[in-house]
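Quick notes on the structure that follows.
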Amino acid sequence: MIRLTILVGSAICLIACADNSPKLPEYIQEHPLEISVLNEEGAETEIYVEDRGEASKQDITVIKKVTPTLDGGLLYAYTISAEKDLDINLHKTWSVTNSSFQKAEFLLPGFWYKRNMRSPETAPSFKTADYWSFREDRMSTPAAIAFNPELQQWIKLERMDDLVREETPDSTGGKISIRTDIGSLGIGKMGEDHMQLAANFPFTEVPKSYQSKLKLNPQWKAFYSLEKGETLTVSWKVSHGNAADFTALVTQTWEQAYDRHLPRPVAHKKTDAEIKEILSNYFYESYAETKDLKGFAGLWFDTQTCENTGVLSVGFCGKTFANAYNLLEYGYEQNNDEHKALARKVLDSYYANGFTDTGLIRELVYGENAEDVYTLRKQSEGLKNILFLLDFDKQHGMEHPKLEETIENLMHQFAKLQDDEGGFPRKFDTSFAVLDDSRGSTQSIITPMIMAARYFKEPKFLEVAVKAGNYSEKYIIDQADYFSSTLDANCEDKEAAAIAAVSFYHLALTAQEDMRKKYVALAQKAAYFGLSWYYLYDVPFAEGSLLKEAELKTRGWGNVSTENNHIDVWAFDFPHVLNWLSEETQEKRFAEMSEVITSSIKDQMLPYEGHMVGVGKKGYMPEIIQHTVWDYGANGKGYLNAHMSVGWTVASIWEVLTPGRFQGFMDRNP
């Protein structure tokens, strides 16, 4: 039976589905569409609830169309026509009645994983509330997935319209009127203990809006300005399926999203050789000296001026050794003595004065700063690049016996930090006393341990790497719990997953066939989580904003973490691992996405003459790209943050453009 209701005057047209129309499983309950309006006084009034059969006091027409999709889901399209000017908000909910909210896991790709319980109460998580709704441009694909791990069952809600239009809001809280294509997706609890997925158009952020780091602002609700005679269509898709666990859910979600968006490489403006030449300006502009060290200032630049801060940092965020290695190698490639001399000046100072009395690499040097906290990740990144440098110099007939002794001793010291399960603490003091026993960044030590095993011919280091891999398998990959690798946040993050994928790639290169297959499979699982943070579509920007003027395409850029809701150029050798995985697994999406990431991040926001994109100096690749309504401290969506760290961004792009380093090291050190 088809029910057709037509109301003339104050017009509502409701078309209900026939009894034999496509349906979702009974455990997925569709709830009526609700429409509210914002009046001139700023008050909200509900004017329409689907299926009530009531005439609206506002002159609108609502037409609903439900279409089955090839994957067994349903596409819901609502067309709203206005016979007078009005500001409207649509709200639609689906509940899952066979699943307990308390046991449920949720996925908002690039923003929310499981229950976000690694995040503090000042960032979005179920610690703070049991229902959350977020703008769609916070997600790497506009989808919200509810997962029942006991039934191995998922339900997915996707926004299906193209996101093209955006305006700068006149406020970031309360109720606002705006013309934007950005809606929101919601996850959480309904009733006593059911799961729900919800959608709003335009966006609604409740119970709080996350608009700056670790600061939850008041809720925010937008109303679309629909003019008399205009028609608006909003489409959502609901689908369902099964997954063995949360890792399988992330894998399926990413593959399906990739096939939907089919992101293509971004046309480049500069060749790779030109990009390296532009980036090399950073080495000269950032050069700084302290009382006993020389290096490249890497942190806390004013974005518009890039005035030298003199802050020297090893590993993330300054990457002093990585950048010195890049410049030295580049100097040899270009036969440029100036490049070689500058790199040697930095390295000589660090080789002589860059270690503590206990053998740790000095991580953060500026002014009278007293270093008292050291990190597994920074030490690991420093060690990795020192080993590359030792190998590079050995190729050119140079030996560093004292440095080799220092590094080998430090590797042994780190081996003592490993616990019985293979894990490593996140932070420690100069005497190696543990300050932060979180083990989520254990995988970062695997690569330098493998390299040290080869370079020093010391099997003990490989044993440490394998044991760390066992820990990472059991507690990170098997638990689908990637966290604590972003140094200024101890939460769910992209880098924990991407570094895990890289680490298991490196372990695979050391292993016999059976273990090699295992490591390939583990690298693949981690890679899907890493990829889930990278955008598959282009977020829209408001006219007149910096990123709109720069014509930034966000596909291929990655969100950072749950705490840090901006995109950046963190990639390093992750694209190379994707290419390797593509060959190993015959999964072409990996190689295709590697090309998308590489093409998108390498020169879209690279500052050079005639293309400075809001940055003060040539080659200073910006760090914090504010792609959603967010500010890391200043400026907001469509702009760069007022301050940035640059050393790591230069190193990331440089490594993306320099494949084959690790394989070459392994080949030279059998």
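The values are calculated or read from the model by the stated rules, or taken from the named source; none is laboratory data. The model shown is predicted, which means the values in this text are computed figures rather than measured ones. Every residue, glycine as well, gets a Cβ built from its backbone with ideal geometry; the counts of neighbours run over all protein chains shown. Protein only, heavy atoms only, side chains kept; ligands, DNA and RNA dropped before computing areas. Shrake-Rupley method; radii C 1.70, N 1.55, O 1.52, S 1.80 Å.
Data for the structure
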quantity: Inter-residue pairs, beta-carbon under 6 Å, first of a type in the set (Lys, Arg) and in segment 316-328, second crowded, with 24+ Cβ neighbours inside 10 Å and not in a loop (DSSP other than H, G, I, E, B), 6+ apart; calculated: LYS319/GLY647; LYS319/TRP648; LYS319/ALA651
quantity: Among the residues listed as SER545, SER582, the single one being among the small types (Gly, Ala, Ser) and either buried (at least 24 other Cβ atoms within 10 Å of the Cβ) or closer than 19 Å to GLN256 by Cβ (or both); calculated: SER582
quantity: Residues located in segment 269-293, provided they are surrounded by fewer than 16 Cβ atoms within 10 Å (Cβ to Cβ) and not in a helix (DSSP H, G or I); calculated: LYS269, LYS270, THR271, GLU289, LYS291, ASP292
quantity: Flag for THR356 being open to solvent by less than 10 Å² (accessible area, probe 1.4 Å), of a type outside the set (Gly, Ala, Ser) and in contact (Cβ under 8 Å) with a residue 12 or more places away in the chain; calculated: no
quantity: Pairs, first under 17 Å from LYS270 (Cα atoms) in segment 648-659, second among the hydroxyl-bearing types (Ser, Thr, Tyr) and open to solvent by 10 Å² or more (accessible area, probe 1.4 Å), C-beta under 6 Å, six or more apart; calculated: VAL656/THR598
quantity: Every residue from segment 437-446 that is touching a residue at least 24 places away in the same chain (Cβ under 8 Å) and open to solvent by 10 Å² or more (accessible area, probe 1.4 Å); calculated: SER438, ARG439, SER444
quantity: Residue list for segment 588-622, filter: closer than 15 Å to THR303 by Cα, in contact (Cβ under 8 Å) with a residue 24 or more places away in the chain and open to solvent by 30 Å² or more (accessible area, probe 1.4 Å); calculated: GLY614, GLY616, LYS617, LYS618
quantity: Only one of GLU121, GLU40 that is free of Cβ contacts under 8 Å to residues at least 24 places away in the same chain, in a loop (DSSP other than H, G, I, E, B) and over 32 Å from the mean Cα position of the chain (by Cα); calculated: GLU40
quantity: Hits in segment 646-665 (condition: open to solvent by 10 Å² or more (accessible area, probe 1.4 Å), assigned to a loop (DSSP other than H, G, I, E, B) and either among the hydrophobic types (A, V, I, L, M, F, W, C) or touching a Ser or Thr at 6+ places or on another chain (Cβ under 9 Å) (or both)); calculated: LEU657
quantity: Residue check for LYS221: more than 30 Å from ALA591 (Cβ to Cβ) and open to solvent by 50 Å² or more (accessible area, probe 1.4 Å); calculated: no
quantity: Considering residues of segment 447-479 that are aliphatic (A, V, I, L, M) and open to solvent by 10 Å² or more (accessible area, probe 1.4 Å) only, the residue farthest from the chain's Cα centre (by Cα); calculated: ALA453
quantity: Single residue of segment 359-382 satisfying the filter (touching a helix residue (DSSP H, G or I) at 6+ places or on another chain (Cβ under 8 Å) and among the small types (Gly, Ala, Ser)) that is surrounded by the fewest Cβ atoms within 10 Å (Cβ to Cβ); calculated: GLY359
quantity: Every residue from segment 294-322 that is assigned to a helix (DSSP H, G or I) and under 23 Å from the mean Cα position of the chain (by Cα); calculated: ALA322
quantity: Filter pass, ASN336 being free of Cβ contacts under 8 Å to residues at least 12 places away in the same chain, farther than 17 Å from ALA297 by Cα and among the polar types (S, T, N, Q); calculated: yes
quantity: Residue count, segment 518-542 (criterion: assigned to a helix (DSSP H, G or I), surrounded by fewer than 24 Cβ atoms within 10 Å (Cβ to Cβ) and either of a type in the set (Asp, Glu) or without any contact (Cβ under 8 Å) to a residue 60 or more places away in the chain (or both)); calculated: 4
quantity: Residue count, segment 231-254 (criterion: charged (D, E, K, R), assigned to a strand (DSSP E or B) and either surrounded by fewer than 19 Cβ atoms within 10 Å (Cβ to Cβ) or touching a helix residue (DSSP H, G or I) at 6+ places or on another chain (Cβ under 7 Å) (or both)); calculated: 0
